[in-house]
Amino acid sequence: MDINTPASTPSDAPLKVAVILGSNREGRFGPVVADWFLGRAAGNPDIETELIDVAETEPPAAGADGATSLLARADAFVVLTPEYNHSYPAPLKSLIDRHFAEWQAKPVAFVSYGGISGGLRAVEHLRQVFAELHAVSVRDTVSFHNAGALFDDRGVHKDPAQADGAAKRMLDQLVWWGRALREARIRHPYGG
């Protein structure tokens, strides 16, 4: 069976969503954003999440790549990325580039964070990369401008209404695309 053709999954089964934490810098802010996002996703009955942290997968251990099986069984992806120098981190690029078929005909959503741009320049670069890999990026994103000031010392968002609304819209789109593409891959395996 092709990696992109799931076994007969009921169309109403929750989507398997791989959430990719794209930074491995020491002192990174990514885990705060990941915890926030996973908390929002946990309330959505249409998805089941698994976290892939590039700090644990990059570089891959000799002869092993634990991320590959997680990516292969995912129906959809959410990439959590900071913006470094107007783009996304090298470890995230490495993870993406080591895989090809795992991304095909699946939707990708983005949660970004950073300074004044909130990581949106990184997201624009990622959209181009995922288009080349035959993935579909969802339009709406969640973006944290000046992210460090938005969360308290315990990692709780100080004023979450707007971010929660953005996450709901993004997840609604991800679920729609995820179901549509999963059904399409079952009926007609993707030959990209």
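Does segment 30-43 hold any residues that are under 23 Å from P14 (Cβ atoms) and either in a loop (DSSP other than H, G, I, E, B) or touching a strand residue (DSSP E or B) at 6+ places or on another chain (Cβ under 9 Å) (or both), and which are they?
Restricting attention to segment 30-43, the residues satisfying the condition of being under 23 Å from P14 (Cβ atoms) are 33-43.
Residues satisfying the conditions are V33, A34, W36, F37, L38, R40, A41, A42, G43.
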Practice task
Scan segment 50-78 for residues that are touching a Leu at 6+ places or on another chain (Cβ under 6 Å) and assigned to a strand (DSSP E or B) and jot them down.
Solution key: E50, I52, D53, A76
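With respect to V54, is the statement that it is under 18 Å from A135 (Cβ atoms) and crowded, with 17+ Cβ neighbours inside 10 Å true? Don't jump to the end; show me each part of the working.
Working: under 18 Å from A135 (Cβ atoms): yes; crowded, with 17+ Cβ neighbours inside 10 Å: yes.
When the stated conditions are applied, V54 passes them.
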Exercise for the section: For segment 66-77, state whether one or more residues are under 19 Å from V54 (Cβ atoms), out of contact with any strand residue (DSSP E or B) (no Cβ under 8 Å at 6 or more places or on another chain) and loosely packed, with under 15 Cβ neighbours inside 10 Å. Expected result: yes
Problem - Count of segment 10-29 residues which are touching a residue at least 40 places away in the same chain (Cβ under 8 Å) and in a loop (DSSP other than H, G, I, E, B) - result: 7
Practice task
Could you list all residues from segment 131-160 that are surrounded by fewer than 17 Cβ atoms within 10 Å (Cβ to Cβ) and of a type in the set (S, T, N, Q)?
Solution key: N146
Completion exercise
Screening A163, A122, A105, A109 for residues that are aliphatic (A, V, I, L, M), surrounded by 15 or more Cβ atoms within 10 Å (Cβ to Cβ), in a loop (DSSP other than H, G, I, E, B) and in contact (Cβ under 8 Å) with a residue 40 or more places away in the chain leaves only A105
Fill in the blank from the handout: For D46, the lone unmet condition from (1) surrounded by 15 or more Cβ atoms within 10 Å (Cβ to Cβ); (2) over 15 Å from the mean Cα position of the chain (by Cα); (3) within 28 Å of G148 (Cβ to Cβ) is (3)
Exercise for the section: Would you please name the residue that is farthest from I47 (Cα to Cα), looking only at residues in segment 78-94 that are of a type in the set (A, V, I, L, M) and crowded, with 24+ Cβ neighbours inside 10 Å? Expected result: L92
Handout entry: Yes/no for V33 being within 23 Å of A161 (Cα to Cα) and either at pLDDT 95 or above or over 17 Å from the mean Cα position of the chain (by Cα) (or both)
Key = yes
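Residues R139, R169: which one is under 16 Å from the mean Cα position of the chain (by Cα), in a loop (DSSP other than H, G, I, E, B) and not aliphatic (A, V, I, L, M)? Can you show your working first?
Numbers: R169 fails: in a loop (DSSP other than H, G, I, E, B).
Just one listed residue meets the conditions, R139.
The values are calculated or read from the model by the stated rules, or taken from the named source; none is laboratory data. This structure is a prediction, so every number in the text was calculated from the model and none was measured. Quick reminder, even Gly has a Cβ in these numbers, built from the backbone with ideal geometry, and neighbours come from all protein chains shown.
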